[in-house]
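The values are calculated or read from the model by the stated rules, or taken from the named source; none is laboratory data. What you are looking at is a predicted structure, and each value in this text was computed from that prediction instead of being measured. Counting neighbours? That spans all protein chains shown, and the Cβs are built from the backbone with ideal geometry, glycine included.
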Amino acid sequence: MNTSLHPRQAASGFRDRREAGRLLALELVAGGALGQTTENVVVIGLARGGVEVAAEVAAVLHAPLDALAVRKVGHPLEPEYGIGAVAPGGVAYVRARDGLSDEEVEEAVLASAKKAADLDATLHERHTPLAVADTTCVLVDDGLATGGTMIASIRWAHAHGARRVVVAVPVCAAQTADHLRHDEDVDAVVCLVPSFELGAIGAWYDDFHQVSDTEVVELLAASRDGEIVTSSAEILIGDARLPADLAIPRNPIGWAVFAHGSGSSRLSPRNTGVAAELNGAGIATMLFDLLTPKEEVDRHNVFDVDLLARRLTAATRRLSARPEAAGLPIGYFGASTGAAAALIAAAEQGEQISAVVSRGGRPDLAWSHLARVRAPTLLIVGGADTVVLEVNEAAARELTCPHELVVVPDATHLFEEPGALDHVAALASAWFAKHFEAGGRERTGKEAS
């Protein structure tokens with residue numbers, strides 16, 4: 001079972017379901033619950049509250065989202081006391097009979113099955129349910145006490161042919177997490193806070209509003225009707241005219257500015273692939289050429305990370321002045337030498353940069369600047385890229401900002417292995433989403449004070 005305890009959550013819970021979902025997505029990827037790739041993953045939220053958490057998970061993973069109308073089976077004499085749960089199609093789990101006859105249990109199950117079917121029809125009035133056959137099915141709820149609804153959901157996923165089943169929740173009773181870990185139908189369990197004193201699920205959230213059917217329908221519609229607006233621009237820095245490509249999703253949560261590596265350009269299929277994944281997670285992107293064609297001929301310029309950092313800083317200022325970037329946090333995604341330029345630029349700009357992600361980076365070229373980086377930094381390195389891995393391990397020891405080093409097993413420097421770049425994109429999406437959210441809260445707090 002994959003479990004992680006985040007200090008903020010252990011102390012005071014989550015701000016809301018959306019924040020919980022973003023943190024959950026980061027742990028799903030970094031903890032390895034999804035395996036080597038996020039391909040062929042579907043995210044299913046348990047209706048209703050679980051869908052709001054699942055929407056954030058799906059956005060970060062760039063995976064399709066759906067809702068499961070699972071309903072508790074209440075005791076005939078005490079409806080609030082659950083004796084089991086039922087999912088659409090009559091897939092049922094009965095935890096205990098508690099003195100009830102077979103006929104009484106069957107009647108209670110049938111009553112809940114009708115509620116599940118009615119809710120399912122409402123939630124899928126506009127869109128047909130997703131197929132989960134031969135997928136990694138990630139089942140998400142906002143919290144688990146006894147886990148009856150989740151067990152019914154697990155049975156539903158297997159009945160519909162899921163290849164792997166992953167249970168993901170922000171908070172749950174520790175005993176329930178342990179029980180699910182030993183369930184032969186569950187491949188992985190991710191719980192950010194397994195608690196021995198759970199109490200009410202709502203107590204773990206600052207905002208635990210009741211989620212309506214309408215909100216669930218809108219979340220499902222938004223996940224399937226995403227819109228990305230693309231445009232081209234030219235960035236003037238001194239005498240240099242540098243082409244840039246911008247992609248802006250509806251209601252972006254922030255911007256990721258790319259700094260490509262030596263011998264590459266804004267058209268690098270690796271960076272454009274990652275950018276597409278970020279766009280799907282609600283993150284706007286800007287890819288631009290750090291050098292002019294004439295400058296690229298001189299190999300000295302390609303490795304002049306101070307020059308590249310100045311260009312990156314200037315481009316960031318130009319972006320900040322654009323209306324579509326006003327008020328939004330900005331982060332850097334750097335590869336190889338571009339990662340060194342991103343770290344230098346982040347060190348120079350301090351809190352103006354909200355996050356940095358380095359893919360196969362050369363932080364050794366920014367060594368004297370590492371201690372001054374304030375932006376939370378994620379270092380991603382291929383496990384087979386041994387020399388660069390050693391460099392990044394040393395750099396991680398020099399960084400004083402919040403940081404993590406994630407090794408993608410068996411990946412080489414360019415992450416050309418099947419699924420490797422998908423893993424990078426999912427890690428980057430989760431990192432940016434997490435720290436853009438944190439930066440937004442800090443700015444709001446400062447404005448209020």
Sort out which residues of the stretch 230-241 are surrounded by 13 or more Cβ atoms within 10 Å (Cβ to Cβ) and either farther than 19 Å from ASN301 by Cβ or in contact with an Asp or Glu (Cβ under 8 Å, 6 or more places away or on another chain) (or both), and write them in order of number. ALA233, ALA240
Residue by residue through the stretch 318-338, note down the ones that are farther than 25 Å from ILE228 by Cβ and either of a type outside the set (S, T, N, Q) or under 25 Å from the mean Cα position of the chain (by Cα) (or both). SER336
Residues in the stretch 326-338 that are in a loop (DSSP other than H, G, I, E, B) and either touching a strand residue (DSSP E or B) at 6+ places or on another chain (Cβ under 6 Å) or hydrophobic (A, V, I, L, M, F, W, C) (or both): how many? 3
Taking ILE344 as the residue in question, decide whether it is among the β-branched types (Val, Ile, Thr), within 13 Å of ALA259 (Cα to Cα) and in the same structural domain as LEU246 (by TED's automatic domain parsing). yes
I'd like to know if the stretch 199-215 contains one or more residues that are modelled with pLDDT under 95 and in contact with a Leu (Cβ under 7 Å, 6 or more places away or on another chain). yes
If we take the stretch 82-197, then helices (runs of 4 or more DSSP H) inside it with 2 or more residues that are touching a helix residue (DSSP H, G or I) at 6+ places or on another chain (Cβ under 6 Å) are 102-123
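Enumerate the helices (runs of 4 or more DSSP H) found wholly within the stretch 236-325, keeping only those where 2 or more residues are touching a strand residue (DSSP E or B) at 6+ places or on another chain (Cβ under 7 Å).
269-280, 305-320
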Quick one: in the stretch 242-269, which of the residues that are under 18 Å from the mean Cα position of the chain (by Cα) and of a type outside the set (A, V, I, L, M) is surrounded by the fewest Cβ atoms within 10 Å (Cβ to Cβ)? ASN251
